[in-house]
Structures are given as structure tokens and as C-alpha cells.
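A.B. asks: Let me begin by handing over the structure; questions about it come next.
The values are calculated or read from the model by the stated rules, or taken from the named source; none is laboratory data. None of the values given here were measured: they were computed from a predicted structure. Cβ: placed from backbone, ideal geometry, glycine included. Neighbour counts: every protein chain shown. With ligands, DNA and RNA removed, areas are computed over all heavy atoms of the protein, side chains included. Shrake-Rupley method; radii C 1.70, N 1.55, O 1.52, S 1.80 Å.
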Amino acid sequence: MKKYYVLEMFPYPSGNLHMGHVRNYSIGDVVARYKAMQGFDVLHPMGWDSFGLPAENAAIKNGTPPAAWTYKNIDVMREQLQKLNLSYNWDLEFATSSPDYYKFTQWMFLTFFNNGLAYKNKSYVNWCPDCATVLANEQVVNGNCERCKATVDKKDLEQWFFKITDYAQRLLDDLDKLPGWPDKVKSMQANWIGRSEGAEVDFQIDGSDKKLTVFTTRPDTIFGVTYMVIAPEHPLVKELIAGTPQEAECLALIKKVQNQTDIDRTATDAAKEGVFSGVHMINPLNGEKIPLYLANYVLLDYGTGVVMAVPGHDDRDFEFATKYNLPIRPVIKPNDGEEKELPFLEVGTIINSGEFDGLDSDIANDKITEHIENKGLGMKKVNFRLRDWLISRQRYWGAPIPIIYCDKCGIVPVPEKDLPVLLPENVKFTGQGKSPLSECEEFVNCKCPLCGIDAKRETDTMDTFVCSSWYFLRYCDPKNTELPFSKEKADYWMGVDQYIGGVEHAILHLLYARFFTKVLSDFGYLSVDEPFENLLTQGMVLKDGTKMSKSVGNVVSPEEIIEKYGADTARLFILFAAPPERDLEWNDDAVEGSYRFLKRVERLFEKKFGESKLRFDVHKCIKKVTEDIDRFHFNTAISAIMELVNVMSKADEISPDDLQAVIVMLSPFAPETTEILWKKLGKSGNAGEQPWPKFDPAALVVSEVEVVVQINGKIKTKLMLSPDMTAADMQDFVKTSEDIQNLINGAEIVKIIAVPKKLINIVVRQNGF
């Protein structure tokens, strides 16, 4: 038996399902049921992404412990999911906040740490003042906290990181291994990884033996550098400006940019602000002395945090140079020799660049890079926009980082035998100041596992995305108490054949999950190095053109729909209303229509049973529905079933076999209704456990097709003709058919328009037609 692993992104247990959940899980359930009926060994699990800020905020607001709040919500949402008749393997269920799970999240951290992929470093980080925690770059959206929308600040803190940059090239290259992913998602990941080729070049600080290194994708423009810019938060800045007349002005700019978001600083239309540092640099290729500026538009975490400015060939540098009256020198001219306004941004011919003059700028890029390497002034370099993953969070409700600080031994990992490091329960939630963990002495104080002296625990917890970066592997072996999963079981089920979730997770969760899978594969725990073979990103559920939201007041409760119409109506509508990858507009009338359709199916039992005369229609439907489910065209699959039900409703009699086919095909979409009808048909077992029907090609071969006959565009009759008749055959038929001659009644035929298998239109010249 061939396996099939279908998985929808597991939910955060907020307490209530919304229509987006219903859509996501209904899509996955149809796939799971369909594959099981086709004979696959199906894994279709559900669990809970249950660590996170909302539980902690509830504790601050209501005094409810995060665990109690979380598990109460899980109970509510599990009951709601079960009302939707979703075919989950509930015995595989887990929550990431369970010690049985986060024991292995901590195991993952130790695996990364022991292999050099987890490290602690002091750096400027994104800080949400409202959540009082650090945010990863990916969790800052337009300068605001992704969760609470507060403006994000910058803080200089020691934090734990995962070295995802070690995998940047593989994460980029292996996107080619994912033909089953939407191009949009792959493009978003490629852009976030942001590979660029260029050179690192060393610029000497004038009067010092120290250097500053820049990364540039345009070595061909180095002779055009007329000033340099350093990020105000660069660790060397305060040393460079110390004692200079510009020190006070520089410190003021440093303070100002700390309150600006990266978006505000780098936006195209943002004002460029800078201050001369009092320091000059030496251009390594022409020996020219150039000023070093601090400026808001250069960020520490891209490239080296230092930029060579070429205002003759860069819009941003040109704007800054113009504002601060700095020199502008062209070093590329158009190939056609015409004068162009600066900045000139296109390729051309090198000028004002010594021995490289006259070269095509593309060729000069390679030649100048080669020259820099030969002279020991720098090196060819590939740079990535992707930064290492900051995983530290100053919160309670997360997986504790399993590290101990010992005055004698330094940073000591918690021994694997001592996992999990449990969250203490006697903590206070005030929402003010430090993390509750840092103020819980029984948690903080411990013994060093190496030397036995008094030591302190790490009080940061892990970013919740760490928990969700491997959960799909735990489903393969959720009862294992020794390892996160056995390789044998993971190798059987992985990769996930079909993953389903929102496109908003394209960068964060999906990139991190790919990173984890590659690391675990490299260390021999997995045979696959990509987690998800196929990805479907479903659209949003809208009402009145806007995403459903409590704040907007346009939410439709799934529970209300289920109570009024039943779960099958909710499922059927949400699958029929739009293709899964597109946004779906809620429509109360269409919900009612789905309900009426199910009632129409029930009324087929009122028909007279007899010999099947609908073999062609039934097998045509089986073929269409099978092909459409395979392509995730659920809306057209349901439409085909509706068409067949209409045909059967109009027929004088139908056969039990015809009705059985309808019930079985409808089963993945409307399991509750079809099980009732299956029993009513007198069948044993369950409809959803029947083999998926196969169409008979012979049943689709027809000896006659219905052809409409028109005279001067008006329908006069319908005839049954051979499907093999060509247009010429049909024209000859018109001339010899007694029935058609009677219709024409002696009128002169001007023209015969024949469309094989469909239409004959006879144009005649006579009054009355």
C-alpha cells in the first residue's frame, strides 16, 4: 500500500474556529478522504501550535495561568473541529506546549548547539515595547510588530541565534526541487534569501592601521566613490568619532535612528540624513581620501554595515551627495556616446578609471574584482539578505532554552538526560519589566552539570516558530519518549505529500521548516531534505470584500452555520464557492443553495428504481470529478456532481448503482449526509470506506449525439446523429433529410452552417422564417 501524508498547518488555540480554519481543514479533509478511498495509507493528523503571547497576555489581563487558558481553548476548538466531521487521526494529537513535545524542541536546540548552529551574540535587535520581547526580522511588518502592531524599536542585547545563513545557498538552490509549490511562494523565499554576487573591498581608515570592509555588487564603479557611509549602530562608530568635533552631532543621529524602523530608514521616499564622522577613508584603487559619513539609510544587518557611495551611478547616493554638497564623478558613459543626466544607471563604457578605461562595464566588473583579489585588497563574494534566525524571546510561555551559565565553566548545555527543562508554575504575570522566568528563583538557580557549583539558567524562551519548524516530523512517531521521531517511521511518511495553509507563512514558517529538515537530514536523522513535496496556499474568506475580522464586524461564526444548516453545508459551500487558491466571498444565498442541493440528493430516493439509462452521464461524472479532485478543482468537481443529480432528478427512473455512485463521489465533501444515505440505500459498511469509483471508457463512447437544428437562427428541432459526422456530412444530410425538407417547406437554402456534434443552422430566403 502506498502512503499519502496530507497536512494542514496546525492552529494556534485562540478559542474559536473561524471560516479561514473551516476552509483550510475542509480542503485537507477532502484530499485525505479521497486518497483513502483510492487505497492509500493516509496520515492526516491534527495538533496545536500552543505556545505564544496571547496566553501570556490573558494571564496578565485575567490572572488565568497560560496553561489553563491554552488547554481550555484546545478543548473548545477540538470539539468544533469534530463537529465538522474532519477525518483526523486524533490518536496522534499533541500540543507544542506539552512537556512531552517541548522536551524535543529543547533536544533540537541542543543538536543545533552541539553542531555549531546555535550561538549567542550581542546585536541590535528588533524590540516590541508593548510585547516586551525581541522580534525576528520576519516578524516586523512595515515597521510594526506583526502581532500587536506596535512600532518596533532597536535594542542592543545578547541573544541566541540559529545559523540559518549556513544554509542560505541550499535553501535557494533547492527551491528548484519543489515543482509542486506555487511560483509566488518560491519567489517570495528567493527574494527574502536575497542572493547577490559582488566583491568585498577593504578601505583603509586614514591615519590608522584599521580598515572598513564594504560589500558591493558594482566593483566597476569603485573609481567613482566620492564618500562612504557607515550604519550609525555599527560597533566601530563610537570609537571612530571619539574626540572629533563631530562627536556630539554623530551621537544625536545615533539616538535618532534607534527610534526609526528599518522600513522608515530605507524607504525610497524617506529623507536621507547624515553627519560627517570626522574620519576619512582611502580608496584602495586610486588612493583618494574620501569622507566617511554616518547616515540613516545604511543598516548594520545588510552586507557589512558600510557602503561605498557612487553618486554618479546610484539614485540614493546621488540624492545624499546633492543634499550634502559632495562630489559626483561619472565613471560609466553610455555606449552610444550621448551625454546622459546623472545618475546614469545603465551599463556602458568605463571612464575615469585608470587602466580600466574603455572596457564594457560588465567586463570591468570581473576585471576590477580580479585586480582587487590579486592586490590583496578584497575578494569576490556572494552576499545574502537572509540574516541568522534570532530565536530568543523574553517571555514565559515558550520552550525554555536549555542552557546554564556557570562562572567557572561558562555556557553549558543542559544534559539531554535532564530534558525537559520545565516551565515553573509559581510565576507572576504583571506585564511590566522582565520576563516572569527571570524573577522565578527556583527556576533560575541551579547547579552546573559539569562542576556542580551554583549556576544560573537561561531565562529566555524560544521563538514559537522553532516549535512549528519540526512538528510535521513528530506526527510520524508522536508516542516516542526517547527521540523526537524514529528515522524508520519518518522515512516512511516523509516528505509531506500535500501541505495546506496560508501564503502569509511563505517566508517565516515554510523557510524555517525547510531549514530544520535540511539540518536533521545532514545529521542523519532523516533521509529527505525537503519537508513538503506539494504546497497549496488557500485564499482568504471575505465578507463584503474584506477579510473577516472582529474589528471590522463582518465575522460569520462556523458554529452558527453548522447549527442552522449542518456541517456538510458549511463544507460544501466553502469548497464550491471558489477555487481553493483564490479568495472566497461569503454569500448567504449560496450557503442556502448548498443546503438545498443536499436536500435534492436526499429526494433522489423518491425516484422509481429500475434499469440504469444514465450510464454515460454517471461515468462522465466519475471521470470529471476524479480529474478535478486530483487538480484541487473542488468547485468544478462539486458542480459536476450537481449536474448529474439534476439529470437524475429529471429521469423517469434511476438505478441503485447510479445513486450509489453519487453518494460515494459526494462522500469526501459531505461525509455526514452521505453516510445517512448509504445506510438508507441498504448498504453495509460506510460510504467513505468504499473504493473510489472508476469510469469505464466504453461507457463514454456514444453512438448518437443530440444536434440542434436552427432555421435562420431559430431552433426548430433536435436530431440524434452520429458523432462521427463531419461538417460536410451534416450539410449533405440537410439536403437529403425528409424531416428537414418538411421544415424548410420549399424555401431556398442560402447557406448551411454545420458544427459537428452540436449544431446545424440553415439560412433560407423566404418569408416566415
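A.B. asks: For the stretch 49-69, enumerate the residues that are outside any helix (DSSP H, G or I) and open to solvent by less than 40 Å² (accessible area, probe 1.4 Å). Full working, then the answer.
C.D. replies: Step one: list which residues in the stretch 49-69 are outside any helix (DSSP H, G or I), which gives 49-52, 63-65.
The answer is Asp49, Ser50, Phe51, Gly52.
A.B. asks: Only one residue in Val214, Val201 is closer than 30 Å to Val140 by Cα, modelled with pLDDT of 95 or more and of a type in the set (Val, Ile, Thr), so which one is that? Don't jump to the end; show me each part of the working.
C.D. replies: Working: Val201 fails: closer than 30 Å to Val140 by Cα.
Matching residue, one of Val214, Val201: Val214.
A.B. asks: If you don't mind, there's one more thing I want to ask. Looking at (1) out of contact with any helix residue (DSSP H, G or I) (no Cβ under 8 Å at 6 or more places or on another chain); (2) not in a helix (DSSP H, G or I), which is the one condition that is false for Leu17?
C.D. replies: Answer for Leu17: the failing condition is (1).
A.B. asks: Looking at (1) touching a strand residue (DSSP E or B) at 6+ places or on another chain (Cβ under 8 Å); (2) within 19 Å of Val22 (Cα to Cα); (3) in a loop (DSSP other than H, G, I, E, B); (4) open to solvent by less than 70 Å² (accessible area, probe 1.4 Å), which one does Gly553 not meet, given that it meets all the others?
C.D. replies: For Gly553, the exception is condition (1).
A.B. asks: Turning to a different aspect of this structure: Hey, among Glu704, Glu748, which residue is open to solvent by 80 Å² or more (accessible area, probe 1.4 Å), within 23 Å of His619 (Cβ to Cβ) and touching a strand residue (DSSP E or B) at 6+ places or on another chain (Cβ under 9 Å)?
C.D. replies: From the options Glu704, Glu748, the qualifying one is Glu704.
A.B. asks: Go through the residues of the stretch 323-338 one by one and say whether even a single one is outside any helix (DSSP H, G or I) and closer than 24 Å to Leu236 by Cα.
C.D. replies: Checking the stretch 323-338: at least one residue is outside any helix (DSSP H, G or I) and closer than 24 Å to Leu236 by Cα.
A.B. asks: Same structure, new question: Confirm whether Val185 is among the aliphatic types (A, V, I, L, M) and open to solvent by 60 Å² or more (accessible area, probe 1.4 Å).
C.D. replies: So Val185 fails the test.
A.B. asks: Right, something else. When the residues of the stretch 601-612 are narrowed to those that are farther than 27 Å from Gln38 by Cα and charged (D, E, K, R), which ends up surrounded by the most Cβ atoms within 10 Å (Cβ to Cβ)?
C.D. replies: Only one residue tops the list, namely Lys607.
A.B. asks: Counting just the residues of the stretch 512-532 that are among the β-branched types (Val, Ile, Thr) and under 16 Å from Leu178 (Cα atoms), which one comes out most open to solvent (accessible area, probe 1.4 Å)?
C.D. replies: Val528
A.B. asks: While we're on this one: For the stretch 329-354, what are the residues that are crowded, with 17+ Cβ neighbours inside 10 Å and touching a residue at least 60 places away in the same chain (Cβ under 8 Å)?
C.D. replies: Answer for the stretch 329-354, where residues must be crowded, with 17+ Cβ neighbours inside 10 Å and touching a residue at least 60 places away in the same chain (Cβ under 8 Å): Arg329, Pro330, Val331, Ile332, Ile350, Ser353.
A.B. asks: If I ask for residues that are assigned to a helix (DSSP H, G or I), open to solvent by less than 60 Å² (accessible area, probe 1.4 Å) and either more than 16 Å from Trp389 (Cα to Cα) or free of Cβ contacts under 8 Å to residues at least 24 places away in the same chain (or both), which ones from the stretch 189-207 would you list? Please lay out each step first, then the result.
C.D. replies: First pass over the stretch 189-207, keeping only residues assigned to a helix (DSSP H, G or I): 189-193.
Then keep just the ones that are open to solvent by less than 60 Å² (accessible area, probe 1.4 Å); that gives 189-190, 192-193.
Answer for the stretch 189-207, where residues must be assigned to a helix (DSSP H, G or I), open to solvent by less than 60 Å² (accessible area, probe 1.4 Å) and either more than 16 Å from Trp389 (Cα to Cα) or free of Cβ contacts under 8 Å to residues at least 24 places away in the same chain (or both): just Ala190.
A.B. asks: When the residues of the stretch 534-550 are filtered to those that are more than 30 Å from Tyr5 (Cα to Cα) and among the hydroxyl-bearing types (Ser, Thr, Tyr), which remaining residue is most open to solvent (accessible area, probe 1.4 Å)?
C.D. replies: The residue in question is Thr546.
A.B. asks: Could you please let me know if Asn115 is of a type outside the set (Val, Ile, Thr) and within 24 Å of Leu526 (Cα to Cα)?
C.D. replies: yes
A.B. asks: What's the number of the condition Ile263 fails, among (1) open to solvent by 20 Å² or more (accessible area, probe 1.4 Å); (2) outside any helix (DSSP H, G or I); (3) in contact (Cβ under 8 Å) with a residue 60 or more places away in the chain?
C.D. replies: (2)
A.B. asks: If you don't mind, another one. Anything in the stretch 714-745 that is in contact (Cβ under 8 Å) with a residue 24 or more places away in the chain, part of a loop (DSSP other than H, G, I, E, B) and either open to solvent by 40 Å² or more (accessible area, probe 1.4 Å) or of a type in the set (Asp, Glu) (or both)? List them, or say none.
C.D. replies: Thr726
A.B. asks: Continuing with this model, one more query. Looking at the stretch 208-229, which of the residues that are in a loop (DSSP other than H, G, I, E, B) and open to solvent by 20 Å² or more (accessible area, probe 1.4 Å) is farthest from Phe532 (Cα to Cα)?
C.D. replies: Among them, the one singled out is Ser208.
A.B. asks: Output the number of the condition that Leu390 fails; it satisfies all remaining conditions of (1) without any contact (Cβ under 8 Å) to a residue 12 or more places away in the chain; (2) out of contact with any Cys (no Cβ under 9 Å at 6 or more places or on another chain).
C.D. replies: It is condition (1) that Leu390 fails.
A.B. asks: If you don't mind, another one. Limited to the stretch 702-713, what total is found for residues that are among the hydrophobic types (A, V, I, L, M, F, W, C), part of a loop (DSSP other than H, G, I, E, B) and at pLDDT 90 or above?
C.D. replies: Residues of the stretch 702-713 that are among the hydrophobic types (A, V, I, L, M, F, W, C), as a first pass: 702, 705, 707-709, 711.
From what is left, the residues that are part of a loop (DSSP other than H, G, I, E, B) are 702.
This time we only want the ones that are at pLDDT 90 or above, so: none.
Count: 0.
A.B. asks: Search the stretch 404-417 for residues being in a loop (DSSP other than H, G, I, E, B) and touching a Pro at 6+ places or on another chain (Cβ under 8 Å), and hand back the single one that is nearest to Val466 (Cα to Cα).
C.D. replies: Looking at residues that are in a loop (DSSP other than H, G, I, E, B) and touching a Pro at 6+ places or on another chain (Cβ under 8 Å), I get Val414.
A.B. asks: While we're on this one: Would you be able to say whether some residue in the stretch 388-403 is open to solvent by less than 50 Å² (accessible area, probe 1.4 Å), touching a strand residue (DSSP E or B) at 6+ places or on another chain (Cβ under 8 Å), under 25 Å from Arg195 (Cα atoms) and not in a loop (DSSP other than H, G, I, E, B)?
C.D. replies: Yes: the stretch 388-403 contains one or more residues that are open to solvent by less than 50 Å² (accessible area, probe 1.4 Å), touching a strand residue (DSSP E or B) at 6+ places or on another chain (Cβ under 8 Å), under 25 Å from Arg195 (Cα atoms) and not in a loop (DSSP other than H, G, I, E, B).
A.B. asks: Looking at Lys375, is it in contact (Cβ under 8 Å) with a residue 12 or more places away in the chain, of a type in the set (D, E, K, R), at negative phi and touching a Cys at 6+ places or on another chain (Cβ under 9 Å)?
C.D. replies: no
A.B. asks: Still on this model: Would you point out the residue of the stretch 232-253, among those that are within 15 Å of Gly303 (Cα to Cα) and in contact with a helix residue (DSSP H, G or I) (Cβ under 8 Å, 6 or more places away or on another chain), that is least open to solvent (accessible area, probe 1.4 Å)?
C.D. replies: Going through the qualifying residues, I end up with Pro232.
A.B. asks: Looking only at the stretch 569-591, filter to residues that are aromatic (Phe, Trp, Tyr) and part of a helix (DSSP H, G or I); which one of those is nearest to Arg631 (Cα to Cα)?
C.D. replies: Going through the qualifying residues, I end up with Phe576.
A.B. asks: Would you say Thr430 is of a type in the set (S, T, N, Q) and surrounded by fewer than 20 Cβ atoms within 10 Å (Cβ to Cβ)?
C.D. replies: yes
A.B. asks: Can you list the helices (runs of 4 or more DSSP H) lying wholly within the stretch 624-698 that have 1 or more residues being of a type in the set (S, T, N, Q) and more than 19 Å from Gly39 (Cα to Cα)?
C.D. replies: Ranges flagged: 634-650, 671-680.
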